1. Being assigned to a helix (DSSP H, G or I), of a type in the set (G, A, S), within 23 Å of the chain's Cα centre (by Cα) and within 24 Å of E209 (Cα to Cα) is true for just one of G150, G154. Which residue is that?
2. Select, from V65, V12, the only residue that is surrounded by fewer than 16 Cβ atoms within 10 Å (Cβ to Cβ) and either out of contact with any helix residue (DSSP H, G or I) (no Cβ under 8 Å at 6 or more places or on another chain) or modelled with pLDDT under 90 (or both).
3. Which is touching a residue at least 12 places away in the same chain (Cβ under 8 Å) and assigned to a helix (DSSP H, G or I), of L106, L111, L77, L89?
4. Can you find a residue that is within 19 Å of the chain's Cα centre (by Cα) and on the phi < 0 side of the Ramachandran plot anywhere in segment 237-247?
5. Quick one: D170 ticks every box in (1) over 15 Å from E130 (Cβ atoms); (2) out of contact with any Asp or Glu (no Cβ under 9 Å at 6 or more places or on another chain); (3) at pLDDT 95 or above bar one, so which box is it?
6. What do you reckon, is K338 at pLDDT 90 or above, under 25 Å from L273 (Cα atoms) and outside any loop (DSSP other than H, G, I, E, B)?
7. Could you check W311 against (1) surrounded by 15 or more Cβ atoms within 10 Å (Cβ to Cβ); (2) not in a helix (DSSP H, G or I) and say which number it fails?
8. State all residues of segment 121-151 that are farther than 19 Å from L247 by Cα and in contact (Cβ under 8 Å) with a residue 12 or more places away in the chain; if no residue qualifies, say none.
Amino acid sequence: MFQFDTLGQEMVKEISNLIQQQVILTDRRGFIQASTDAARINQFHEGALLSIRQKEMLYMDDDEVERLRGVRKGIALPIIIDDEPIAALGITGEPETIRPQAQLILRVAELFIQDSMKRKQKDEKVRDLEFFVFDWLTGMKKDERFGERGTLLGIDVTQYRQVAVIEVIDLLEQFSIEEIDIFTSIQNIHKSMKMIRWAQNKILLLLPEMNQETLAHELNFLLLHMKRRKKVQVVAGIGAPTDYFDLAKSFGQAERAVSASKRSGEIVFEHELRLEIILQSIPVAARADFLSRTIAPLMKEEELLHNLKVWFSENQSMQNTAQRLHIHKNTLSYRLQKIEQLTGLSVSSTHDVFLLYLALSLLDEQMNK
């Protein structure tokens, strides 16, 4: 119910700063779980246990100090939530000096615990929704019970038609629930959009039927906000609209589109993909074999490999490529000849040029995974 190891210690510190006294927090068994005096942690406090059992504040005077185990002079206050004592606070000092502050102390403690419980409930609800969406997109049967489960989680599954995938490059930790709340609150994509954490560095957007131009424009704004907040590179892919029971198809398309967006840096819609559809259908073994028969000799020739990529990006223009590489056209011509010698493929042959381009595309996709 309450995280004594983290929030408990934080609460003890806050109360101690407020009243300038030594403070302990025990669990309902009377064992100290947090304290301004670290040496007291895990010790038994009999006065706190009595306070919990009797549900009332108890004074710890000289007699109680002599009679009860683990007790110092002060007061013990039960923390009661929904009429159930869940913990106790112990304040060291003269009981009569502390007593006027007792209600303030209890109020601070209750606020800490109520906030903790609300956050825990929210975390559990978010995780339930994440598990539900995982089932939704990984082949779970979409029967009547599926819809009922969605309703219990506050989501009408029938209105969702499309999935977008946002991926953060080199993110070391998962998005927090608080960050997802912030992103959701500032987005103008659609009021019914659902934002779901997916793996460590991805976010899914579940989208109702909507205008695709609006989607692209508003998603760009959201990505810009994420980039500024996380100081990382963010890309996005969007699957095609479909029926809610077939949303896994849109998700798969969005995954394919986000892979392509890593190369372009732009938002990619699934319908814009052409070559990528072929590339992703090639088995791993076939890819490796194809690369070994085409550009494998260039793997250790970084300069030649880079020049070839630039040549393709400049639509095979010798002049534009040479200008971009800051070299003479004759130098570029020599390097292309070297590529021909190493690979056995001619840059003057349409067939061979296609093989080189396909090999570079496979290599890029492999490196971006």
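1. Values: G154 fails: assigned to a helix (DSSP H, G or I).
When all the criteria are applied, what remains is G150.
2. Details: V12 fails: surrounded by fewer than 16 Cβ atoms within 10 Å (Cβ to Cβ).
Result of the check over V65, V12: V65.
3. Of the residues listed, the single one that is touching a residue at least 12 places away in the same chain (Cβ under 8 Å) and assigned to a helix (DSSP H, G or I) is L106.
4. Yes; the residues of segment 237-247 include at least one that is within 19 Å of the chain's Cα centre (by Cα) and on the phi < 0 side of the Ramachandran plot.
5. (3)
6. no
7. Among (1) surrounded by 15 or more Cβ atoms within 10 Å (Cβ to Cβ); (2) not in a helix (DSSP H, G or I), W311 violates only (2).
8. Initial filter on segment 121-151 (farther than 19 Å from L247 by Cα): 121-127.
Answer for segment 121-151, where residues must be farther than 19 Å from L247 by Cα and in contact (Cβ under 8 Å) with a residue 12 or more places away in the chain: K122, D123, K125, V126.
The values are calculated or read from the model by the stated rules, or taken from the named source; none is laboratory data. Quick caveat, the model's predicted, so the values are computed rather than measured. Here the Cβ is made from the backbone with ideal geometry for all residues, glycine too, and neighbour counts use every protein chain on show.
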